[in-house]
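Heads up, the thing below is written out as structure tokens.
All of the numbers you see were taken from the coordinates with simple rules; none came from a lab. This is a predicted model, so every value here is computed, not measured. Reconstructed Cβ throughout: ideal geometry from the backbone, glycine too, with neighbour counts over all protein chains shown.
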Protein chains: 2
Amino acid sequence: MNNKSLELIEQELTDLIRRIVISEKRNDSLERSGYILLRLLLSHGPAGVKQLAEKLQLDISTISRQAAALEAKKYVERVPNPADKRSYYYTITDKGIKELEENKQRRFDRLERIMESWSEEEQYNFGKLLKKYNEHVKENPKR
Amino acid sequence: MNNKSLELIEQELTDLIRRIVISEKRNDSLERSGYILLRLLLSHGPAGVKQLAEKLQLDISTISRQAAALEAKKYVERVPNPADKRSYYYTITDKGIKELEENKQRRFDRLERIMESWSEEEQYNFGKLLKKYNEHVKENPKR
DNA sequence: AAAAAAGGTTGTATAATACAATTACATTAT
DNA sequence: ATAATGTAATTGTATTATACAACCTTTTTT
């Protein structure tokens, strides 16, 4: 692999992550973790902490606490599973959906302001390459 | 801005950050913060915590602790500033440079494995677009 | 039925972070 | 030239994200 591209990508990815994480802390009412969890619950439907933890590659205890925090804010509901009394399903509430959508919109707005001067093609390519990157990571899950 | 691209970018950026942060935790001996700080000290030369905090848009106290942790590991040295007895310069040590380079190489290796099948052009474009993104964020620092 | 496995929660610990208080020195204003 | 103000840095305290280990309860396996 071309070493210049590699260096550039490494450097810019590191910076980009730092910037975005900082920006989110400053701007979003929902924490990163909560946002991702709500988004997952909305897109994949109700799920227990184990499944959620697997999807996100996080420890079950981490999800357990995050879900409990979202439940306390009434963004999700914990529904007992009648078929297995050990387990629960978390489902996103209407309030949770509303909060998620508001956060998503703020994220969109920020992105839009940052990339407003980009050409359609650049925007399209950026999305496509980010997606490609993620797909390749999924194929190499230990990386 | 095209809404499809926007959605895609938002979604993929969120995922990408999550993945990379997790991967770093699993793989790197140096923490993210330490890595970034060492990299900055190497590229910009000795600096005090205030300057470092400004560059990284972090609180001075955060940098103070990170620098102290790096100092404890002998990756940096704290040199008093003779012109101002309140302040210090942190400089990266040879040991710090070695540790930084080893970490960087591991990061490169991971990236390379993920993107080994990409065309030269895709790699080049990805780097270029990431850089462009970062440059545009810098122009909108409050975002 | 006893043993093992599985879903979840809770205790404890660490890292990154911010804000507030504090210390020690430097600069400015009277 | 001294008092007031400002500045560089550290330290106390708090929060969030995270993991691992211990544990409880229920289910599955032997």
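Label positions at B:Lys95 and A:Glu116, each projected 7 Å from the Cα along the C-beta direction, are separated by 5.0 nm. Along the axis of the charge dipole computed for the protein assembly as shown (Cβ charges of +1 for Lys and Arg, -1 for Asp and Glu, origin at the Cα centre), the listed residues A:His136, B:Thr14, B:Ile114 are led at the positive end by B:Thr14. Positive end of the dipole of chain A (Cβ unit charges, origin at the Cα centre): among A:Ser5, A:Thr91, A:Ser43, the Cα lying farthest that way belongs to A:Thr91.
Over the protein assembly as shown, the reciprocal of the mean inverse Cα-Cα separation, the Kirkwood hydrodynamic radius, stands at 20.8 Å. The magnitude of the dipole of chain B, with charges of +1 and -1 set on the Cβ of Lys/Arg and Asp/Glu and taken from the Cα centre, is near 580 debye. For chain B, a Gaussian network of Cα nodes joined below 10 Å ranks B:Ile60, B:Ile36, B:Ile22 by mean-square fluctuation, and the top entry is B:Ile22.
Inter-copy label distances at A:Thr91, using a point 7 Å along Cα-to-Cβ, come to 6.5 nm with the shortest given first. Set the Cα radius of gyration of chain A against 2.2 N^0.38 Å, with N its number of residues, and you get 1.24.
In sequence order, region A:75-80 has phi-based couplings of 8, 9, 10, 9, 10, x Hz under the Karplus curve 6.51 cos²θ - 1.76 cosθ + 1.60, θ = phi - 60°, and Gly or Pro positions carry x.
Please go through region B:38-114 and write out the chymotrypsin sites (Phe, Trp or Tyr not before Pro) that DSSP classes as loop and that have at most 10 other C-beta atoms within 10 Å.
Values: sites: B:Tyr75, B:Tyr88, B:Tyr89, B:Tyr90, B:Phe108; in loops: B:Tyr75.
Passing sites in region B:38-114 do not exist.
Here the Gaussian network model covers chain B, with springs between Cα atoms less than 10 Å apart; of B:Glu101, B:Glu54, B:Glu122, B:Glu122 fluctuates the most.
Which one, B:Ser119, B:Ser43, B:Ser61, has the greatest fluctuation when you compute a Gaussian network model over chain B with C-alpha springs under 10 angstrom? Result for chain B, Cα springs under 10 Å: B:Ser119 fluctuates most. Listed by chain and number, the lysines whose alpha-carbon sits under 25 Å from that of A:Lys73, ignoring those within fewer than 8 places in the same chain, are A:Lys25, A:Lys50, A:Lys55, A:Lys85, A:Lys95, A:Lys98, A:Lys104.
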